[in-house]
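Peer 1: Take this structure first; my questions come after.
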Amino acid sequence: MNDNRFATRSELLGILVLAVLLVVVLPLCLDVFRLNLVAKYLTYAFVALGLVMCWGYGGILSLGQGVFFGLGGYCMAMFLKLEASSVENTRIQSTPGIPDFMDWNQITALPLFWKPFHSLTFTIAAVILVPGIFALIIGAAMFKRRVGGTYFAIITQAVAAILTILIVGQQGYTGGINGMTDLRTLKGWDIRPDHAKVVLYFFEVSLLFACIVIAQLIRHSKLGRILVAMREQEDRVRFSGYSVANFKIFAFCVAAVFAAIGGAMFALNVGFMSPSFVGIVPSIEMVIYTAVGGRLSILGAVYGTLLVNFAKTSLSESFPELWLFGLGGLFIAVVLAFPNGLAGIWGDYVQPRIDRLIAARKPKSGAGWIDEPVADGAPAE
Amino acid sequence: MLIGHQPKPFLLSVEALTVSFDGFKAVNDLSFYVEENEIRVIIGPNGAGKTTVLDLICGKTKATSGSIEFRGKDLTKLKENQIVKAGVGRKFQTPSIYDDLTVFENLEISFPRGRSVFGALTFTRDAAVRDRVHEVAETIFLKDRLNMSAALLSHGQKQWLEIGMLLIQDPDLLMLDEPVAGMSVSERAKTAELLNRIIKDRSVLVIEHDMKFVEDIAHKVTVLHQGQILSEGTMEKVKNDPKVIEVYLGH
């Protein structure tokens, strides 16, 4: 029986395989440049992981996860930018000691809301809390009023558009369309050289696994089952004594915080942050990663993100104009033919064969595999 | 405005209840009272407002005017989940169960503990939960299907499962919307037996079309017509009421 465990046997195996891939195989096979690309892709995997919780399990489709990715990324970038804008580094500016884009925009003193970002502790708290509280406000405003489904998706898109316009428009405070560039050090530790990239990669992978563990814990708690129940029969859950809105808000906040962690890691790994990761298009791309990986699969989200991004990099290098059509086509194909994405293909075609192989080899231990919870491979509507 | 001391207060007092959808009064100045441990059946032609009455009591629809008093609480002022906590359980017309979860998990979700977000995160499946789920599963004839996906149950079994989900809540007032619709004859008999067993220590409000079934279980029958009460009383009395025969039973 599927108890309050952290993971079933096959899930544990899956996590182990992913860990071997990310911690051992990729760092050994790839050069630092490619490894840094993987690190960049993995920042989106945090978003996809959040979408699995909120869209896959909770049935809440958010087309504005870029907002939270961006908020997390900008919080981190503000800290890094301040550190890069020391008085020595910015001697040539008319006002030394403030970020370069402020100087270009005739701002002569650091704005008040920038000041706390001198502290790394504050920044880390802000990376989690700013997007978390923002999601709480949007969630409370929408879900308490029973706004859901398509309407909610459209509103999240609108929020993404608004935030992009705000960032671009307030160039003096945000760096505008160029974003925050030229991020150099973290507490004096240079984040640009190759060895720093490798360290950051491993740090990011460990954060990703922490998030996977949290997602697994939520999924296997009663809350995870309530999310699934809510997706299918919202009224039944409501009339079983639950405040459906609160559970939706929770799922949305978890997704927002995961996305924000990804955004913060993006700023560290890639060395800049710009509004092009906040708007509607990146937000929809993140949904495609989740759909390709399988929206009901926590690990599928990671694989989906990696695969789509590898394809994007290699294809857009050779066919830059065709790539977007390819991405759109991929999304349509996945939704039509494989609604559960890669994880669905794995669960339907590959896993049964492996099981049969194992069962054939060890006839008695085969029974253990049949006991896996039904909910895992359950069809989406 | 307490005029006299009532020896036995009603469990549920619906008074002057009205709901209007864009001017159409689906329920119009309706008053009725349900006693403790009573089985009340609401019958009436299609569109009489039967389901709307249940929607109003459980909070799914907000009343335009009137009051619904349950154990001293005015339900019209409470949210749906607060009404459930006050002790009202409701079964929907079509079986509303969670197809992607197992029978056990379906029942477990209705167990009245850990209903807040934090409570659900820290909820543990202890012996009390297991025992209660097994006990209810036995009552609803699904003891040997606990680990089965609920999607695989038959229609009748789904109806029982939803009744079981309500039993686990242990409500003081159980509201059932057409519990035997679409059931086979043997399933219907089993459901009547089930209902007779679960009504101990609680009141039940049932909407049903099946007259044979109504006769089997009802203590008192309320006939609704166009949002108003046409007749009320024992099955015998209602059956012989010429108004009821004209609008409902005669067809």
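Peer 1: May I ask you to sort B:ASP55, B:ASP22, A:ASP235, A:ASP190 by Cβ crowding, counting other Cβ atoms within 10 Å and putting the fewest first?
Peer 2: Least crowded to most crowded, the residues run B:ASP22, A:ASP190, A:ASP235, B:ASP55.
Peer 1: Place a +1 charge on the Cβ of each Lys and Arg in region B:12-249 and a -1 charge on the Cβ of each Asp and Glu, then give the dipole magnitude about the Cα centre in debye, rounded to the nearest 20.
Peer 2: 360 debye
Peer 1: Which whole-number percent of Cα pairs in the protein assembly as shown have a distance greater than 46 Å?
Peer 2: So the portion of pairs separated by more than 46 Å is 31 percent.
Peer 1: So, one more: Based on Cβ point charges of +1 for Lys and Arg and -1 for Asp and Glu, what charge dipole magnitude is obtained for chain A about its Cα centre, in debye rounded to the nearest 20?
Peer 2: 860 debye
Peer 1: Next up: Using the number of other C-beta atoms within 10 angstrom as an exposure proxy, rank A:SER62, A:SER94, A:SER10, A:SER206 with the fewest first.
Peer 2: Placing the least packed residue first, the sequence is A:SER94, A:SER206, A:SER10, A:SER62.
Peer 1: Further question on the same structure: Just to check, using Stokes-Einstein with a Kirkwood Rh over alpha carbon pairs, what's the diffusion coefficient of region A:208-260 at 37 °C and 0.692 mPa s in µm²/s?
Peer 2: Stokes-Einstein gives a translational diffusion coefficient of 281 µm²/s.
Peer 1: Taking a ≥ b ≥ c as the square roots of the Cα gyration tensor eigenvalues, with a/c under 1.5 meaning rounded and otherwise prolate when a/b beats b/c, else oblate, which class fits region A:20-104?
Peer 2: Judged from the Cα gyration tensor, region A:20-104 comes out oblate (a/c at least 1.5, b/c at or above a/b).
Peer 1: Related question: Run the simple label-point estimate for A:VAL281 and A:ILE214 please: 7 Å along Cα→C-beta, distance reported in nm.
Peer 2: About 3.0 nm, to one decimal.
Peer 1: Using the Karplus curve 6.51 cos²θ - 1.76 cosθ + 1.60 with θ = phi - 60°, work out ³J(HN,Hα) for each residue of region B:70-77 in order, rounded to whole Hz, and write x for Gly and Pro.
Peer 2: With the stated coefficients, region B:70-77 comes to 10, 6, x, 10, 8, 5, 5, 9 Hz.
Peer 1: For region A:40-63, list residues with backbone N below 19 Å from a point placed 7 Å from the Cα of A:VAL17 toward its Cβ?
Peer 2: A:49
Peer 1: State the dimensionless ratio Rg/Rh of region B:12-249 (Rg: radius of gyration of Cα atoms; Rh: Kirkwood radius).
Peer 2: 0.98
Peer 1: Scale the Cα Rg of region A:9-339 by the rule-of-thumb value 2.2 N^0.38 Å and send over the ratio, two decimals.
Peer 2: 1.00
Peer 1: Continuing with the same structure: Within region B:65-207, what percent of beta bridges assigned by DSSP are antiparallel, to the nearest 5?
Peer 2: Percent antiparallel among DSSP bridges in region B:65-207 is about 25.
Peer 1: Based on other C-beta atoms within 10 Å, arrange A:LEU136, B:LEU174 from fewest to most.
Peer 2: A:LEU136, B:LEU174
Peer 1: Which percent, to the nearest 5, of DSSP beta bridges fully inside the protein assembly as shown are antiparallel?
Peer 2: Counting only bridges with both partners in the protein assembly as shown, antiparallel ones make up about 60 percent.
Peer 1: 222 nm [θ] for chain A, helices only, -39500 (n - 2.57) per DSSP H run of 4+, per residue, to 500?
Peer 2: It lands at -21000 deg cm²/dmol.
Peer 1: Here's something else I'd like to know. So what is the 222 nm mean residue ellipticity for chain B from helices alone, if each DSSP H run of at least 4 adds -39500 (n - 2.57) and you divide by all residues, rounding to the nearest 500 deg cm²/dmol?
Peer 2: Only helices count here, giving -9500 deg cm²/dmol.
Rule-based calculations on the coordinates, nothing more; no lab input. A quick note: this is a predicted structure, and the numbers were derived from the prediction, not measured. Here the Cβ is made from the backbone with ideal geometry for all residues, glycine too, and neighbour counts use every protein chain on show.
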